[in-house]
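Asker: Provided herewith is a single structure, encoded as structure tokens, for subsequent inquiry.
What follows is calculated from the coordinates using simple rules that are stated; it is not laboratory data. Keep in mind that what you see is a predicted model, and the values were worked out from it rather than measured. All Cβ positions, even for glycine, are placed from backbone atoms using ideal geometry, and neighbour counts span all protein chains on display.
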Amino acid sequence: MNWAAYSTLFGLATFKFMFSAFPGPLWKLSFVETYFCVFLGGTLSASVFYFASDYFISLTNERRKKKIEKLQSEGVEVKIKPKFTKTNKFIVWCKRKFGMHVICFWAPFFLSVPLGSIVVAKFYGKLKFTFLYIALGMAINSLIMTFLAYVVL
């Protein structure tokens, strides 16, 4: 058992899920070992960031307010950034165009697991089966990426 390889794949999958399966064949791990390391790492990270998303969002808002207040107390004129940035517009466009299932499946994959889970929780956190769709997306995406890692390399 190669615990260093397992923990490395697990840790890599917690943040950069898309590329985490590719070191598996190089370290002579089996398909199943690579799949489970990647799936468990991504799912653990998604669960932490999905269920703690309210905390992270409020923490970010508090930091932003404190920074603005500090700059204003120093006499610096603060230009408030627009809420409708190109990235935010793109995320809302994807939400309307593709729907909940596609966002739950692919946002943690393409953005990153923490950011994608927070985005999904922000848009669909009140719905009942949202995290189940994220976990199902992690399972399917892990299978696809592990398959590609073993076929390409």
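Asker: Compute the acute angle (0 to 90°) between the alpha-carbon long axis of helix 113-124 and the principal axis of greatest extent of the alpha-carbon atoms of the chain; round to the nearest 10°.
Answerer: 60
Asker: Based on other C-beta atoms within 10 Å, arrange Met1, Met145 from fewest to most.
Answerer: Met1, Met145
Asker: Can you tell me the dipole magnitude for the chain around its Cα centre, using point charges on the Cβ only (Lys, Arg +1; Asp, Glu -1), in Debye to the nearest 20?
Answerer: About 780 debye.
Asker: Provide the packing ranking of 23-32, 52-61, i.e. peptides ordered by the mean count of other C-beta atoms within 10 Å per residue, highest first.
Answerer: 23-32, 52-61
Asker: Under a no-solvent Debye model with one identical scatterer per Cα of the chain, what's log10 I(q)/I(0) at q = 0.08, 0.16, 0.20 Å⁻¹?
Answerer: Debye output, listed in q order: -0.30, -0.87, -1.13.
Asker: Output ³J(HN,Hα) for the range 42-50: one whole-Hz value per residue in order, computed from phi by the Karplus curve 6.51 cos²θ - 1.76 cosθ + 1.60 with θ = phi - 60°, and x for Gly and Pro.
Answerer: So the Karplus estimates, Gly and Pro as x, are x, 5, 4, 5, 4, 5, 4, 6, 5 Hz.
Asker: With labels modelled as points extended 7 Å from the Cα through the Cβ direction, what inter-label distance (nm, one decimal) is found for Phe98 paired with Ser47?
Answerer: 2.5
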